[in-house]
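S.K.: Please find one structure pasted underneath; my questions will follow.
The values are calculated or read from the model by the stated rules, or taken from the named source; none is laboratory data. A quick note: this is a predicted structure, and the numbers were derived from the prediction, not measured. So basically every Cβ, Gly included, is an ideal-geometry build from the backbone, and we count neighbours across all protein chains shown.
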Amino acid sequence: MNKNKKRKNKIIFFSCILILLIPLAVLAINTKRNEDLTKIWKLLFETDKYYYNPIDKPDPFRPFIYEEKGNQKTRKIKSPLEQIDISEIKLVGIIKTKNQKIAILEDDTGKGYFVQVGTPIGLHNGIIKAIKDDKIIIEEKATDFTGRITKRKIILKLRPAEEENE
């Protein structure tokens, strides 16, 4: 009986130890899992460093309207007319010959220029498209911030509206 009692006591003792160790093991597993979840949380949401990825984002320093350079042949030497804004130029005369019309332009300083259809003019890659009897038509091409090419027509009249009323 003594042997049975000792055996029974051993079983009870080891059962108690197992009963105490199982919750500790579960706690240890959950703690490890919680540590892993905490690490994942920190990696995903609590980073101190921000990395900017410019792929598929517009350039914040690029102007909304910019000159087109990719499709056009770029000329290194620009004429004096290409270095003046069109608003600073006025039409002072038109010469008609047998084959063509030549327009006479004047800048703010009084300097004169002879131009014909196809002459580049202005700061924004303008080209003289047509010379009529009393006006010239200039077309400027610009690319807006979405990448679309926009054409703007500018008409310079021989006698602007302010001078006609005098």
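S.K.: Across region 112-133, what is the total count of residues that are at pLDDT below 90 and over 27 Å from the mean Cα position of the chain (by Cα)?
M.R.: Residues in region 112-133 being at pLDDT below 90 and over 27 Å from the mean Cα position of the chain (by Cα): 1 in total.
S.K.: Only one residue in Leu158, Leu91 is of a type outside the set (Lys, Arg), surrounded by 10 or more Cβ atoms within 10 Å (Cβ to Cβ) and modelled with pLDDT under 90, so which one is that?
M.R.: Leu158
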